[in-house]
Amino acid sequence: MWEDTVNYLFNQRPAFERQGAAGYKPGLETSLALDKMYNEPHRHYRIIHIAGTNGKGSTAHLLASCLQACGYRVGLFTSPHMIDFRERIRVNGKKISRNYVMRWVAAYRKKPLEGHEPSFFELTSTMAFDYFAWRNVNIAVIETGLGGRLDSTNIITPELSIITNIGLEHQQFLGNTLDEIALEKAGIIKHGKPVIIGHATGVVHDVFAREAKRLYADICFAEDKPEVTSAKHVDGVLRLTTNNYGTVDCELTGDYQVENANTVLTALNLLKSLNYRIKDSAIHEGFAHVVEKTGLMGRWMRIDDKPFTIAESAHNVAGMTQAMRQLKFEEYDNLHMVMGFMADKDVNGILKLLPKNATYYFTQAQTSRALPVEDLSKLAAQHRLKGNTYENVVEALEAARKAAAPRDLIYVGGSMYVLAELLTAIHYDDKLG
């Protein structure tokens, strides 16, 4: 029954994550029709809407964790999932139940939306909105899927919009320049509703400022008055020094999390001004226990100690730039890189960033969107990256483990889908409960 339900959602609905461009379905007409069919469930609770090229998942989870610690019942909608479809829809960190998903899909299939063919993401986002209303959440943190203006989630009117940053990604859908992509992301800014921008310079800054002015939306650039003043690694956490909250220990240890933390703390300051019950102690708790409270995976995640093994979800040029910067600060004897990519990414741009003094284990995730490992190996050779090819992620990791000495470092990444197969193989989700 569960397998039939998941098969219906994934394989019988157009799905970008499975099909790439063929599964991308921009526009809000179907989402609005579905929303009306379910009596506009998102109007029953407050919403924070998050878009951006990188960091929106970490930002969403950190914010949800802090709001939970403040005593709110918090819905969290993110994508993609790593192991289990139910990761996408959570209330106070607990995944939506299989029974609810099965009942919801079965009821929809008996009486589907007439005149439309909803995509996987349109159905999933509608399910999330409906579930959050049924669970009587106080507030929902909603992450866009792709873009902003035409994203299925953009039927909502949030209390606050957050745009983390802008980089070149999905140009075939969002535009070929940073200002074009910024304009698409700016589509989540709503009339008279505040917006926080995590990082923006030049034309991107100008686009956001112009759109906010046009929509009479108060805009705050988090970098202008940074809440986080310094950061350092201490005893396995990222220790942040802040203006208003003292020393905050963050469970997410990637250096790039400093920017996300600054954005989240800026958002919490704004929510305070909107009379939300934001307690300093809850912010400390939310940052210190974000994985436990929300189930977040794949952000500079330590999965083994000897050899030290990191799973990292960076999958575009901007994200990989940050990840490789962090890698330079790690201490190890030899570096082993288990890498696989989606074919629609700027793989050449990413390969330019990867260290040449590493041993590579090229692989591919088991999805039609994956770049075939033979093609990856050829591209990598052009960038003087040397290694062998492996049919799947598990084989590649096992080869790296056999070759690595205890003081070596293994990095696994390049794609969310590579991480998903790794984490499934080691049953990581079971450890989160």
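Modelled spin-label separation between S368 and K110, with each label point placed 7 Å from Cα along the Cα-to-Cβ direction: 3.2 nm.
Fewest-first ordering of V393, V317 by other beta carbons within 10 Å of each residue's beta carbon gives V317, V393.
Packing, as the average of other Cβ atoms within 10 Å across residues, places the peptides 306-314, 204-212 in the order 306-314, 204-212, highest first. Whole-Hz Karplus values for the range 214-222 come out as 4, 9, 6, 9, 5, 10, 10, 8, 4 Hz, taken residue by residue from phi with 6.51 cos²θ - 1.76 cosθ + 1.60 and θ = phi - 60°; glycine and proline positions read x.
In the chain, helices alone account for a calculated mean residue ellipticity at 222 nm of -11500 deg cm²/dmol, with every DSSP H run of four or more residues adding -39,500 (n - 2.57). Annotation for E330 and K36: the two label points, set 7 Å from Cα along the Cα-Cβ direction, are 5.2 nm apart.
Enumerate the calculated ³J(HN,Hα) couplings along the range 266-272 in order (Karplus 6.51 cos²θ - 1.76 cosθ + 1.60, θ = phi - 60°), each rounded to whole Hz, writing x wherever the residue is Gly or Pro. Karplus-based 3J(HN,Hα) across the range 266-272 equals 4, 5, 5, 4, 5, 4, 4 Hz. Each residue in D408, D84 was given a count of other beta-carbon atoms within 10 angstrom of its own, and listing them fewest first yields D84, D408. Here's how it looks for Y360: its modeled amide H is under 5 Å from those of M337, K386, G387, N388, which are all 5 or more places away or on a different chain.
Label-point separation (nm) for D375 and S230, each offset 7 Å from Cα along Cα-to-Cβ? Roughly 4.8 nm, to one decimal. Applying 0.36 nm per residue to the separation of A209 and R384 and subtracting their alpha-carbon distance, the gain on full extension is 58.8 nm. Summing charges over all other residues whose Cβ lies under 13 Å from the Cβ of N138, with Lys and Arg as +1 and Asp and Glu as -1, gives +3.
Applied to the range 310-317, the Karplus parametrisation 6.51 cos²θ - 1.76 cosθ + 1.60 on θ = phi - 60° returns per-residue 3J(HN,Hα) values of 10, 10, 9, 8, 3, 9, 9, 4 Hz, with x for Gly and Pro. Could you pull out the pairs from K56/K279; K94/K279; K56/K185 whose alpha carbons sit more than 20 Å apart here? Where the Cα-Cα span goes over 20 Å, the pairs concerned are K56/K279; K94/K279. Placing R0 at 30 angstrom, the Cβ-Cβ distance between E3 and E292 gives a FRET efficiency of 0.55 after rounding to 0.05.
Taking amide H as placed 1.01 Å from N in the peptide plane, the amide H of D249 sits under 5 Å from that of L240, each at least 5 places away or on another chain.
To the nearest 0.05, how large is the calculated FRET efficiency for Y216 and L274 if R₀ is 22 Å and r is the Cβ-Cβ distance? Provide the component values of the computation, followed by the final result.
Numbers: r = 17 Å, r/R0 = 0.75.
Approximately 0.85, to the nearest 0.05.
Just subtract the alpha-carbon distance of K352 and R239 from 0.36 nm times their residue separation and send over the number in nm, one decimal. Walk me through the numbers on the way to the answer.
Values: separation 113, 0.36 × 113 = 40.68 nm, distance 3.11 nm.
The K352-R239 span can extend by a further 37.6 nm.
Residues whose amide H lies under 5 Å from that of D304, counting only those 5 or more places away or on a different chain, are T309; hydrogens are built 1.01 Å from N in the peptide plane. Its relative contact order, with pairs defined as Cα atoms under 8 Å and 6+ residues apart, puts the chain at 16 percent. Fewest neighbouring Cβ atoms within 10 Å first, the residues S368, S58 line up as S368, S58.
The radius of gyration of the Cα set in the range 301-432, together with its Dmax, comes out at 13.4, 40 angstrom.
Rule-based calculations on the coordinates, nothing more; no lab input. Just so it is clear, the model here is predicted, and its values are computed rather than measured. We place every Cβ from the backbone using ideal geometry, glycine too, and count neighbours over all the protein chains shown.
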